[in-house]
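Let me begin by presenting the structure, written as structure tokens, before commenting on it.
Please treat every number below as a calculation from the coordinates, not as lab data. Everything numeric here is computed off the predicted structure, so don't read it as measured data. As a convention, Cβ positions derive from the backbone with ideal geometry for all residues, glycine included, and neighbour counts pool all protein chains shown.
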Amino acid sequence: PPMILQPLVENAVKHGIGNLTGGGVVSVVARRDASLLRISVENDVDEDAPATPGTGIGLANVQQRLATAYGHEGRINQLRRENKYRVELTLPAQTTTEQ
């Protein structure tokens with residue numbers, strides 16, 4: 001869906017690298033896994049800082065949009081490990097062939 005990554009990148013900056021005095025890295029990676037497309041947004045976080053939840057509106061919006069567009073095939077997963085936070089979207093890989 002259009003603009004599906006915007007709230008994820010905004011969250012990565014606002015809640016992740018924006019809180020680091022030395023800055024950080026936000027990476028966006030897309031890969032095909034058989035019939036699925038996996039897109040991840042990962043950012044540095046301060047591993048010593050406690051996880052402070054935001055309102056969750058951005059992630060909830062993304063989840064709702066994936067569910068509307070792809071049903072149960074559209075998923076969002078999040079993981080915080082040490083100094084990294086990652087959100088991964090899973091959706092059906094769609095290809096078009098032009099003749």
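The residues neighbouring ASP33, those whose beta-carbon lies less than 14 Å from its own, together hold a net charge of +2 under the Lys/Arg +1, Asp/Glu -1 convention. For the Cα atoms of the chain, what angle does the longest principal axis make with the long axis of helix 57-70, in degrees from 0 to 90, nearest 10? The angle comes out near 10 degrees.
Electrostatic tally near GLY22: other residues with Cβ closer than 14 Å to its Cβ, Lys and Arg +1, Asp and Glu -1, net -4. Spin-label model, ASP48/LEU36: points 7 Å from Cα along the beta carbon direction are separated by 3.7 nm. Across the options VAL9, THR96, ILE57, the greatest Cα extent toward the positive end of the charge dipole of the chain (unit charges at beta carbon of Lys, Arg, Asp, Glu) belongs to THR96. About its Cα centre, region 1-93 has a charge dipole of approximately 320 debye under the convention of +1 per Lys or Arg Cβ and -1 per Asp or Glu Cβ, with nothing else charged. Considering helices alone, the calculated mean residue ellipticity of the chain at 222 nm is -6000 deg cm²/dmol, with DSSP H runs of length four and up weighted by -39500 (n - 2.57) and normalised per residue.
Neighbours of LEU89 by Cβ distance under 14 Å: Lys/Arg scored +1, Asp/Glu scored -1, total +2. Expressed as a fraction of 2.2 N^0.38 Å, the C-alpha radius of gyration for the chain is 1.17. Taking GluC sites (Glu not before Pro) as exposed when DSSP calls them loop and at most 14 other C-beta atoms lie within 10 angstrom, the chain has its longest site-free stretch at 1-46.
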